Amino acid sequence: MKTPNMIDAKKRHHNKIEYTKYNKDIAKFGNGKKFFVRTYGCQMNEHDSEKIRGMLLSAGFIPADDILDADIIILNTCAIRENAHDKVFGFLGVLKHMKQSKDLLVGICGCMAQEEVVIKDILNKYKQVDFVCGTHNLDNLLSIIKEQIDTKKRQIEVLSYEGDIVEDIPVLRDSPYSAWVDIIYGCDKFCTYCIVPYTRGMQRSRRHEEIVSEVEELVKKGYKEVTLLGQNVNAYGKDLYSDYTLANLLSDVADTGIERLRFVTSHPWDFTDEMVDIIAKRDNIMPYIHLPLQSGSNKILKLMNRRYTKEEYLKLYNQIREKVKDSSITTDIIVGFPGETEEDFEETLSVVNECKFDGAFTFAYSPRENTPAARMEDAILEEVKMDRLHRLNEIINKYSNEANQRLLNKTVKCLVTSLSDKDKNKVCGYTENMKLVNIVGDKSLIGKIVNVKITDAKSFSLDGEYIK
Ligand code: SAM
Ligand code: SF4
């Protein structure tokens, strides 16, 4: 058994990263048994789940259409806020009942697996969990499962060191048109509220040749869109090269001819002029940027260790808006950080009123064990947090509605991704600006980039008609 420890998870040794290849030498022990993977959290977790499914498939397991048919269920978890924990622990209760009536293996992967407190709880209270695999050794998942099956003993293997970069892990992608591609793992920013630097380890970049060749393969397979992934994509290359940055990578990936290139998440501190220029220059780099603000108060930004001021954020924001034609910008904001006064919160509202974001993910601050903010004084009352969240959301929704209204009667390009859940005569797609459109049209449009005339605009989506 290997269990995590938050003191080791915080350490950074800057020369220990190994670049290795996935060990494909694994027995086909799945024997047609069915798997179900449930994902919580961010896009990085979505993509890790694609790897989990790919590895399971390579060992002879097959996907279950319904969770009730599964022989092995893996929860790929998120630790970013307490409610993410609650959801997983709640669902483990459901799985406990399922295990009473059938032979079922239950496993935990992802960020929660990296937390000392969670592993203690699993060891003491959640006997229904058969195996746990951490984020740094995901490539070893099949060995962990096989060991559990062979020995019938619970397996816990979580490492708290800077993970290696393992190439060629099998991937079962969710979409045949739009793909996630990792470019940088971990994070060294240590924002005081955030658990990611502990659960995902040191910031470490994939080699650019590997990234470009992965995208070239995707283009050959007919993929239309690629999203480059990392907790802080703008830091790409800093740990690996002296003169190769995200700007170079964006240019090289754009050269593969992929029709739509996106990237998430950006950190304002690492966003350079060259990056803005390349986004502005290349037609296949989509004019959509997710640029977390977190707070509009310099006092709170400093307490958060965000490394930029409100003024610097606004300068970058305006630079992007000026240079990148028809861009859309979304953000993340936390309310109720320790010490946030009504005046601090109003400063956040004032930045929101100035930026008029296309959309935002807004969060009430949630203390994470062992992070510096969890030890700060002046905690904000839950009802105050909720009141601020509500007031903020009203303004955010107003601007997102206005941004959508501006598209009314315009013709935009959409990548059609699926049938609409609600209406069989409609399909769904995304504009270049990452706006969701429900389009009158049939399933033959799925996988194509088509012209759509916008006929109605709401806060969270648009309606449109396919134009031949
Ligand atoms: N790396 C990205 C960045 O720097 O903005 C995003 C990381 S996190 C997966 C996504 C968002 O969750 C953050 O931008 C932040 O707004 C929010 N978040 C992180 N920790 C939080 C906490 N303890 N309480 C509330 N929200 C949190
Ligand atoms: Fe967390 Fe900050 Fe790193 Fe984003 S940049 S993952 S918020 S520590």
Seminar exercise, completed: For HIS290 the rounded accessible area (nearest 10 Å², probe 1.4 Å, non-protein molecules ignored) is 10 Å²
Problem set entry | Kirkwood Rh and Cα Rg combined as Rg over Rh, evaluated for the range 424-468 | 0.92
For this session: Please work out how many pairs of lysine residues in the range 252-403 are eight or more positions apart (or on different chains) and have Cα atoms closer than 23 angstrom.
Result: 23
Exercise. For the chain, what is the relative contact order in percent, using Cα pairs closer than 8 Å and at least 6 residues apart in sequence?
Worked result: 11 percent
Exercise. Straight-line reach from LYS221: which aspartates and glutamates have a Cα under 20 Å away, not including same-chain ones fewer than 8 places off?
Worked result: GLU50, GLU167, ASP168, ASP174, ASP182, GLU209, GLU210, ASP252, ASP255, GLU259
Problem set entry | Normalised convex hull volume, the chain, alpha-carbon set, Å³ per residue | 153 Å³
For this session: For GLU347, tell me the accessible area in Å² from a 1.4 Å probe, rounded to the nearest 10.
Result: 60 Å²
Problem set entry | Considering only the chain, percent of DSSP beta bridges that pair antiparallel, nearest 5 | 35 percent
Problem set entry | Sequence-separation-based contact order of the range 1-88, relative, with Cα cut under 8 Å and 6+ spacing, percent | 32 percent
For this session: Could you pull the accessible area for CYS42 with a 1.4 Å probe, rounded to 10 Å²?
Result: 50 Å²
Exercise. Which cross-chain or sequence-distant (5 or more) residues have an amide H under 5 Å from the amide H of ASN137, H modelled 1.01 Å from N in plane?
Worked result: LEU159
Problem set entry | Cross-link reach list, lysines versus LYS99, counting only Cα pairs under 22 Å and skipping chain neighbours closer than eight places | LYS33, LYS34, LYS87, LYS120, LYS125, LYS127, LYS146, LYS152, LYS153
Problem set entry | Solvent-accessible surface ranking, highest first, for SER175, SER350, SER328 at 1.4 angstrom | SER350, SER175, SER328
For this session: Starting from the residue with the highest accessible area, list HIS208, HIS267, HIS13, HIS390 in decreasing order, probe 1.4 Å.
Result: HIS390, HIS13, HIS208, HIS267
Exercise. If you roll a 1.4 Å probe over the heavy atoms of the protein chains, what accessible area per residue do you get for the range 322-468, in Å²?
Worked result: 52 Å²
Exercise. Counting alpha carbon pairs within less than 8 Å and at least 6 residues apart, what relative contact order, in whole percent, applies to the range 53-193?
Worked result: 23 percent
For this session: Divide the volume of the convex hull of the Cα atoms of the range 44-201 by its number of residues and quote the answer in cubic angstrom per residue.
Result: 128 Å³
Seminar exercise, completed: Under the Karplus relation with 6.51, -1.76 and 1.60 and θ = phi - 60°, whole-Hz ³J(HN,Hα) for the range 241-247, x at Gly and Pro, equal 10, 8, 9, 9, 10, 4, 4
For this session: Taking 7 Å along the Cα-to-C-beta vector as the label spot, tell me the ASP25-VAL219 distance in nanometres, rounded to one decimal.
Result: 3.5 nm
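The values are calculated or read from the model by the stated rules, or taken from the named source; none is laboratory data. Note that the structure is predicted; figures quoted are calculated from it, not measured. Glycine also receives a Cβ, built like all others from the backbone with ideal geometry; neighbour counts cover every protein chain displayed. Just the protein is used for accessible areas: all its heavy atoms, side chains included, with ligands, DNA and RNA removed. Shrake-Rupley method; radii C 1.70, N 1.55, O 1.52, S 1.80 Å.
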